[in-house]
Structures are given as C-alpha cells and as structure tokens.
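The values are calculated or read from the model by the stated rules, or taken from the named source; none is laboratory data. Please read these numbers as outputs of a predicted model, since none were measured by experiment. Here the Cβ positions follow ideal geometry from the backbone for every residue, glycine too, while neighbour counts run over all protein chains shown. Calculation scope for accessible area: heavy atoms of the full protein, side chains included, ligands and nucleic acids excluded. Shrake-Rupley method; radii C 1.70, N 1.55, O 1.52, S 1.80 Å.
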Amino acid sequence: MVYWLIKWVFLGPLLRLFFRPKIEGAEHIPADGGALLASNHLAVSDSFFLPLKVSRRVTFPAKIEYFTEPGIKGRLKKWFFTGLGQIPIDRSGGNAARAAIDTGVRLLREGHLMGIYPEGTRSPDGRLYKGKTGIARIALEAGVPVIPVAMFGTDKANPIGSKMWRPYPIRIKVGKPLDFSRYAGLEGDRFVERSITDEIMYALMELSGQEYVDIYAAKAKELEAAHKAGAVTDVPTQLKREARVPETEAS
C-alpha cells in the first residue's frame, strides 16, 4: 500500500510535474512473471524514476545502511524503504550479500519484477563501470530474463552530494530482454557468471552510450579519493570494446 501511495499520491505527481520523465521500450518489460531490470546507476533518484514509469511494482536491493541508521531519521528511512519493498543488502563483500541474493531469487521465482544495478554503486563520473557477477547468479538461480535499462539525466537532476533535486528532463530507455537459459544449471561457475555479467554490461554500454571503464566503480572511487589526497593515480578508460562471448567450454 505504501508503495502505491508514494507512486500515485505523495511523490509521483511531483516527480512527473518537475521532471517530465519519459520511457522508451517499455514493451520489452513483461506484463507478468519474474524478470530482472539491469540499470546503469547515475544517481539515487534512479530508484525513484524507473518505478515511476513502469506499470508493475519494481523492487530494488538497497544498501543496509538505509535500514540501520539510528534515531528518528533512521526510523523514518527504514519505514520508507521497507514500505517501498526494498531489500537490505550488505555490500561488505564475500558472502555478506548471500541473504539478499536468496531473497531476490525467491521474489523472482514468485513472479516479481526486480531492479538491480550491476555496477554495485553509483558511477562517480557518469561513465559505465565493470559489473559485479551477483546479477548473473540471481538470473541463473531464478531462471529469469535480464532486461537492460539506461537512465539519462538523473545525475543532472540529483548530482552526487546534492541535498535538493533540480528540475531536469529524465529519459529512460529499455532494451530487449537477454535470455541466459542456455546456461541453466551452471550457476556458481565463475567463468560463466563473469561472461553473462559482461554481456549485460556490453548491452548497457550500447543502450546508454556511456564510456566503459573496466574496473569496479568502488575501486574508481578509491582512486579518486587517493588522487584528491595527492597520490598519483590513473583510472583506465576503454572507449570501445568487443563483447565478451562465452567460449565453447562454458556453453
């Protein structure tokens, strides 16, 4: 109930008025059944505008800090994100996110629509960064298609570090579903999961037109912080690359 009230009564009308969001390719999102929406991640507002323009309910994993902050502000955040159906995820690495993956798989098997950011965190500079393989594990275990989604303008409406959003036209472009059923039963194979993730990132690169950087966004943020501290760093760029196609042994 909270989800639909926020979307249609409290927040949605304001977002439509000031940002005029438009979506292209919405027909690629199935009317029912489980599916993963794999989106680039430019700003916190991505998680608001995409559900706003998708008729079905979309559930996103959210960093666990949104649910554990102390005080009144923390309780309000927990209520808000829980009401939106967000899944708390521990991003500390290793097996810490296993519970969130299990929950995501369960929801997808039950026929829900789930949004995920393969980069794992917001892009620090508007470029597209290397994807984490959790999305491949979820897609394989749940047996659902992955639908690439490119967000445009959210970083202008909601720049990193900004406390107030600025009116700016938002555009969403949805690509054709990616079917990985040919790899059924191969979840846990790191080569297969990396190949699937790279295929998703390649589709996002083509859809969004972003420059691709073959390191994780979290690592790029570390390098940026080190650079600001005076260290000599270099974030690699990769203006164009060929799609990584799984080899015969993974097929």
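Points worth noting:
- Enumeration of residues in the range 163-200 that are open to solvent by 60 Å² or more (accessible area, probe 1.4 Å) and assigned to a helix (DSSP H, G or I): Ser181, Arg182, Arg190, Phe191
- Only residues that are open to solvent by less than 20 Å² (accessible area, probe 1.4 Å) and at pLDDT below 95 were counted in the range 35-45, giving 1.
- Only one entry of Phe80, Phe10, Phe19 meets the criterion of being out of contact with any Lys or Arg (no Cβ under 7 Å at 6 or more places or on another chain) and closer than 22 Å to Ala150 by Cβ, and that entry is Phe19.
- Residues of the range 67-102 satisfying the condition of being at pLDDT below 80, in a loop (DSSP other than H, G, I, E, B) and open to solvent by less than 50 Å² (accessible area, probe 1.4 Å): Leu84, Gly85, Gly93, Ala96, Ala97
- Flag if Tyr216 is touching a residue at least 12 places away in the same chain (Cβ under 8 Å), open to solvent by less than 50 Å² (accessible area, probe 1.4 Å) and within 17 Å of Thr133 (Cα to Cα): no
- Answer residue from the range 5-34, given it is in contact with a Gly (Cβ under 9 Å, 6 or more places away or on another chain), more than 22 Å from Gly161 (Cα to Cα) and hydrophobic (A, V, I, L, M, F, W, C) and is least open to solvent (accessible area, probe 1.4 Å) among those: Ile6
- Restricted to helices (runs of 4 or more DSSP H) entirely inside the range 1-65, no element has at least 1 residues that are in contact (Cβ under 8 Å) with a residue 40 or more places away in the chain and within 21 Å of Glu141 (Cα to Cα).
- Count - residues of the range 118-157 that are open to solvent by less than 30 Å² (accessible area, probe 1.4 Å), under 15 Å from the mean Cα position of the chain (by Cα) and closer than 17 Å to Pro51 by Cβ: 6
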